[in-house]
Amino acid sequence: MDFSEAICFKRELIYSKHGQPIETSAKLKGQDLLTLQNYTPEEIKYLLWVALDLKNRIKHKKEYLPLLQGKSLAMIFEKRSTRTRLSTETGFALLGGHPCFLTLHDIHLGVNESISDTARVLSAMTDAILARVYKHCDLITLAEEAVIPVINGLSDFDHPIQILADYLTLQEHYSSLNGLTLSWIGDGNNVLHSILLSAAKFGMNLHVATPKGFEPNPTIIKIAEEYSIKYGTKLLLTTNPLEAAKGANVLITDTWISMGQEEEKQKRLKAFQGYQITMETAQEAASDWTFLHCLPRKPEEVNDEVFYSPKSLVFQEAENRKWTIMAVMVSLLTDYSPQLQKPTF
């Protein structure tokens with residue numbers, strides 16, 4: 001993290017729409033979702049509860065819930081995505097709202113128009129913004145200047161909506177998150193940052209294996225260490241994938257080469273040799289192990305035997321991107337109360 005990114009992250013930790021961190025309030029309506037760092041355990045659990053409720057009512061009971069009737073969503077996509085676009089666009093429409101998809105051909109964030117001006121225009125025309133951007137600082141500026149909720153669809157620093165889908169998937173499979181041990185084997189990227197900023201809030205232990213030179217951000221590590229003490233969980237950082245997998249309930253990996261890192265491909269493939277998740281890796285895990293990957297997947301990250309095994313939850317995980325982003329949008333735009341009995345997390 002360079003100096004400008006560090007300043008940006010400091011702004012992130014103290015910012016909210018009403019001038020106070022979200023942790024001081026139980027109300028989510030009108031707030032942003034830029035990082036789970038600023039959400040309390042109960043607030044994150046509420047989002048998962050809403051997701052379970054919406055999935056039950058809409059998918060299983062076939063109810064029509066026009067909760068966002070008359071509302072519109074600006075979807076800014078500097079980076080392409082299958083799951084983020086489909087889950088957000090179809091989910092918002094399913095709830096009765098109108099999603100507006102904006103690519104780099106439609107909007108150059110901070111280029112043809114300042115981020116501040118863009119935020120003001122979108123605030124006057126839409127009810128919320130979901131932005132999938134390269135620079136996290138651009139997302140912070142957008143949220144500071146907008147008067148409507150801003151959702152982080154992905155940044156180079158954090159990917160909170162992906163982790164909500166992961167947690168929902170594990171909640172459905174294990175019936176509780178408390179006490180699970182997650183094993184991350186791969187790059188110290190934005191997805192890992194989101195896990196580090198939230199897993200301990202559910203009482204989950206976290207084992208992290210990254211090659212030397214590809215560790216997660218030091219500031220994030222420090223926060224995760226503080227969380228592990230506060231919530232009584234275990235945090236293990238290592239360069240040994242088998243050590244990280246030992247006793248884990250969940251094996252997790254992600255791409256080793258994110259968008260914008262294509263020039264580093266050969267360097268990264270060499271650095272990550274030995275990090276492919278295989279059945280040999282799984283032999284070190286707990287007997288009830290499962291596998292997660294946010295997709296798209298490449299064979300060098302995980303072999304077919306694991307990826308397509310009955311232990312793999314990747315396609316349930318992908319579907320849950322829809323239910324969790326719907327829960328986020330409903331929670332930030334309405335005063336929704338779930339009908340489903342609150343689960344034990």
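Data for the structure
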item: Given (1) closer than 27 Å to Ile58 by Cα; (2) without any contact (Cβ under 8 Å) to a residue 60 or more places away in the chain; (3) open to solvent by 30 Å² or more (accessible area, probe 1.4 Å), number of the condition Leu94 does not satisfy; result: (2)
item: Unmet requirement for Asp106, which otherwise passes all of (1) of a type outside the set (A, V, I, L, M); (2) at pLDDT 95 or above; (3) surrounded by fewer than 23 Cβ atoms within 10 Å (Cβ to Cβ); (4) not in a helix (DSSP H, G or I); result: (2)
item: Test: residue in segment 304-311 that is among the charged types (D, E, K, R) and in contact with a strand residue (DSSP E or B) (Cβ under 7 Å, 6 or more places away or on another chain); result: yes
item: Any pair with Cβ under 6 angstrom, 6 or more apart, that starts in segment 49-70 at a residue that is more than 17 Å from Leu164 (Cβ to Cβ) and ends at one that is open to solvent by 50 Å² or more (accessible area, probe 1.4 Å); result: Arg57/Glu63
item: Leu170 being open to solvent by 10 Å² or more (accessible area, probe 1.4 Å), in a helix (DSSP H, G or I), hydrophobic (A, V, I, L, M, F, W, C) and modelled with pLDDT of 95 or more; result: no
item: Index of the failed condition, Ala200 passing every other in (1) without any contact (Cβ under 8 Å) to a residue 40 or more places away in the chain; (2) small (Gly, Ala, Ser); (3) part of a loop (DSSP other than H, G, I, E, B); result: (3)
item: Qualifying position, being touching a Ser or Thr at 6+ places or on another chain (Cβ under 6 Å) and of a type in the set (A, V, I, L, M), among Ala244, Ala286; result: Ala244
item: Search result, residues across segment 216-235 that are of a type outside the set (Val, Ile, Thr) and either part of a loop (DSSP other than H, G, I, E, B) or closer than 16 Å to Ser194 by Cα (or both); result: Pro216, Asn217, Pro218, Lys222, Ala224, Glu225, Glu226, Tyr227, Ser228, Gly232, Lys234, Leu235
item: Residues of segment 308-340 satisfying the condition of being open to solvent by 10 Å² or more (accessible area, probe 1.4 Å), more than 19 Å from Thr40 (Cα to Cα) and in contact with a Phe, Trp or Tyr (Cβ under 9 Å, 6 or more places away or on another chain); result: Ser309, Lys311, Ser312, Leu313, Leu340
item: Residue match in segment 262-281 (condition: of a type in the set (Phe, Trp, Tyr), over 22 Å from Thr169 (Cβ atoms), out of contact with any helix residue (DSSP H, G or I) (no Cβ under 9 Å at 6 or more places or on another chain) and open to solvent by less than 30 Å² (accessible area, probe 1.4 Å)); result: yes
item: Filter result for Ile223 (among the β-branched types (Val, Ile, Thr), in contact (Cβ under 8 Å) with a residue 40 or more places away in the chain, open to solvent by 10 Å² or more (accessible area, probe 1.4 Å) and more than 18 Å from Gln31 (Cα to Cα)); result: yes
item: Which numbered condition Ser81 fails, given (1) farther than 22 Å from Ala51 by Cβ; (2) open to solvent by less than 50 Å² (accessible area, probe 1.4 Å); (3) at pLDDT below 95; result: (1)
item: Residue that is nearest to Thr90 (Cα to Cα) [pool: residues in segment 309-336 that are among the hydroxyl-bearing types (Ser, Thr, Tyr) and within 23 Å of the chain's Cα centre (by Cα)]; result: Thr324
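The values are calculated or read from the model by the stated rules, or taken from the named source; none is laboratory data. Small disclaimer: the values here were computed from a predicted structure and weren't measured. Here the Cβ is made from the backbone with ideal geometry for all residues, glycine too, and neighbour counts use every protein chain on show. For accessibility, only protein heavy atoms count, side chains too; no ligands or nucleic acids. Shrake-Rupley method; radii C 1.70, N 1.55, O 1.52, S 1.80 Å.
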